[in-house]
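Following: one structure in structure tokens, then a few remarks.
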Amino acid sequence: MHIAWTSFLLALVVITIVPGPDFVLVTGNAVRGVRLGALTALGVMTGLVVHGLLATLGLSALVAAAPAALWAVKAVGAVYLLYLGVMTLRSRRTTIAAAPPSQKSVFLRGLLCDLLNPKVMLTFLSLIPQAMDPGAPPLPQAALLSAVTVGVFAAFWTCVVPLAGRLARLLSRPKVQPVFERLCGTALIGMAASVLAA
């Protein structure tokens, strides 16, 4: 079995480090507390595992092949990103004494953000098949490459969450926090538009 590991890993690293909705959501929560960031990242990783399983079983390919189903996934994902962006912009108006989000809610936000992102699904469907050996059984290869994809993202979040946590003191300053939250909210709304436009 000759998997194209070099090109696969290079492309995967680039995809991983390019900021997307998951990155904005995880770092936004991580600066409010490392535990919140870790739980958000755990939700994102759970979504990735689901995408990996669906891609391995071929269900995601069926959705991508059906224009109406893919459009529905995009629309729901865009609406959710828009909701997250608006809520982030509104949160900067709340008082510092407001109760922090629950652990369950940040996990679910991370999970839904990843599950409803069609770009994640299409990443699995476009990247993994190109690395596979056409002469070998596809199922073991798809499972292995999906597992490696999840592992690379897990390593990335393991580095990002503590780093974002260290920036919490800077980003929580009264003059800096509103700007940071405004940037995060605007970025999520912009990503919602880009999902629909893709």
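The values are calculated or read from the model by the stated rules, or taken from the named source; none is laboratory data. Note that this is a predicted model, so its numbers are computed, not measured. Positions of Cβ are backbone-derived with ideal geometry, glycine not excepted, and every protein chain shown enters the neighbour counts. Only protein heavy atoms, including side chains, enter the accessible area calculation; ligands, DNA and RNA are left aside. Shrake-Rupley method; radii C 1.70, N 1.55, O 1.52, S 1.80 Å.
Of the helices (runs of 4 or more DSSP H) entirely within segment 1-117, those holding at least 2 residues that are at pLDDT 85 or above, among the β-branched types (Val, Ile, Thr) and surrounded by 12 or more Cβ atoms within 10 Å (Cβ to Cβ) occupy 5-17, 21-30, 34-57, 67-91. Quick one: would you say Pro178 is at pLDDT 90 or above and in a helix (DSSP H, G or I)? When the stated conditions are applied, Pro178 does not pass them.
Within segment 123-135, not a single residue is open to solvent by 50 Å² or more (accessible area, probe 1.4 Å), closer than 23 Å to Leu48 by Cα, modelled with pLDDT of 90 or more and out of contact with any Asp or Glu (no Cβ under 9 Å at 6 or more places or on another chain).
The set of residues in segment 159-173 being more than 14 Å from the chain's Cα centre (by Cα) and assigned to a helix (DSSP H, G or I) consists of Cys159, Pro162, Leu163, Ala164, Gly165, Arg166, Ala168, Arg169, Leu170, Leu171.
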